[in-house]
Amino acid sequence: MSASRPAAHPAVFSSEAKTRAIKTSENVARAIVHTIVRDRLRHGDRLPSEAAMLGHYGVSRESLREGLRLLEVQGLISIRRGPGGGPIVGRVDSANLGRISTLFYHLAGGTYAELFESWVMTEGILAGRAARNHDRALVLEALDPYLAEDPRVGVPADMADFVRFHAHFHGVVASLADNRVLSLLLQTTGQIVTHHVVGNADPREGRDEIVRDHMDVARAIATGRPHKARTSMEEHIRHMFRYYRVGLEDYIAWR
Ligand SMILES: [Zn+2]
């Protein structure tokens, strides 16, 4: 790592959050998430109306709205405005977790060089775990599209579609890591790169290399070789550095 890396503000690393009292709006947010999980609600399902929630939670309109806003900012719910609108269940998307974390990284003085270094490690861990997944039928089914003789068939030409296609592979690998916490947590690094650095790059120029790399990783996972899966993934992420032209010593920014 370069010596010119900006120093983090020392206060950033202190941890006092646990001693802070939970606000009413945070309690509401927690209760709503609990209801979504308990009732097995899915993305797109409606939550009760504001009037119903006010009665149920017994809080002020201000606290309820602040609680909903807290969840909305993190993509955990969306709120349709206007008549017939209301809160809708969102997705558990590691991209949103990553997006929130960029504020922490930025304040800590974290740079893109550190982000890329982390990405190599986190993706490697996910690939290694996926190769150790005992549900081999699930692994083979999930990786089937990436194990084809000529996997370039079906690779989209459009930039946005290509980015989605690329991210999907990494999402599949993460889902096979068989630990929801690790899967969400470790995907955030790649998600920050994919969703927030992509404005400066065109990964399609590496299309053939990316497809080949994915096939190497997919084969190692499919044949249950954790070490090979990990090193192939690490190599793939290092290849990806070339397509993201960002200032490596720039601070990681919210985008
Ligand atoms: Zn990839």
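A few points about this structure:
- Exactly one residue out of Val172, Val163 is open to solvent by less than 30 Å² (accessible area, probe 1.4 Å), within 13 Å of the ligand (Cβ to nearest atom), modelled with pLDDT of 95 or more and not small (Gly, Ala, Ser): that is Val172.
- Inclusion of Val155 among residues that are within 16 Å of the ligand (Cβ to nearest atom) and over 17 Å from the mean Cα position of the chain (by Cα) is warranted.
- Checking each residue in segment 210-238 for being open to solvent by 30 Å² or more (accessible area, probe 1.4 Å) and part of a helix (DSSP H, G or I) picks out Arg212, Asp216, Arg219, Pro226, His227, Lys228, Arg230, Thr231, Glu234, Glu235, Arg238.
- Gly124 small (Gly, Ala, Ser), assigned to a helix (DSSP H, G or I), crowded, with 17+ Cβ neighbours inside 10 Å and modelled with pLDDT of 95 or more: yes
- Scanning segment 67-107 for residues being at negative phi and either part of a helix (DSSP H, G or I) or open to solvent by less than 20 Å² (accessible area, probe 1.4 Å) (or both) gives a total of 26.
- Close contacts from segment 156-175, counting a first residue that is under 17 Å from Met240 (Cβ atoms) and a second that is at pLDDT 80 or above and charged (D, E, K, R), with Cβ to Cβ under 7 Å and a gap of 6+ residues or different chains, come to His170/Glu123.
- In the set (1) touching a Pro at 6+ places or on another chain (Cβ under 9 Å); (2) surrounded by fewer than 13 Cβ atoms within 10 Å (Cβ to Cβ); (3) of a type in the set (Gly, Ala, Ser), Ala51 fails one condition alone, (1).
- Flag if Arg225 is away from the ligand (no atom under 13 Å from the Cβ) and within 17 Å of Gly124 (Cβ to Cβ): yes
- In segment 15-59, the residues that are farther than 14 Å from Ile79 by Cα, assigned to a loop (DSSP other than H, G, I, E, B) and of a type outside the set (Gly, Ala, Ser): Glu16, Arg20, Ile22, Lys23, Asp39, Arg40, Leu41, Arg42, Val59
- Contact map, segment 213-228: residues that are within 13 Å of Leu140 (Cα to Cα) and free of Cβ contacts under 8 Å to residues at least 60 places away in the same chain paired with residues that are charged (D, E, K, R) and within 11 Å of the ligand (Cβ to nearest atom), Cβ distance under 6 Å, separation 6+ or inter-chain. No pairs are found.
- Leu248 being surrounded by fewer than 20 Cβ atoms within 10 Å (Cβ to Cβ), away from the ligand (no atom under 16 Å from the Cβ) and outside any loop (DSSP other than H, G, I, E, B): no
The values are calculated or read from the model by the stated rules, or taken from the named source; none is laboratory data. Worth saying up front: this structure is predicted, and the values here are computed from it rather than measured. With ideal geometry, Cβ positions are generated from the backbone for all residues, glycine too; neighbour counts draw on all protein chains shown. Just so you know, the surface numbers come from the protein's heavy atoms only, side chains and all, with ligands and any DNA or RNA stripped out. Shrake-Rupley method; radii C 1.70, N 1.55, O 1.52, S 1.80 Å.
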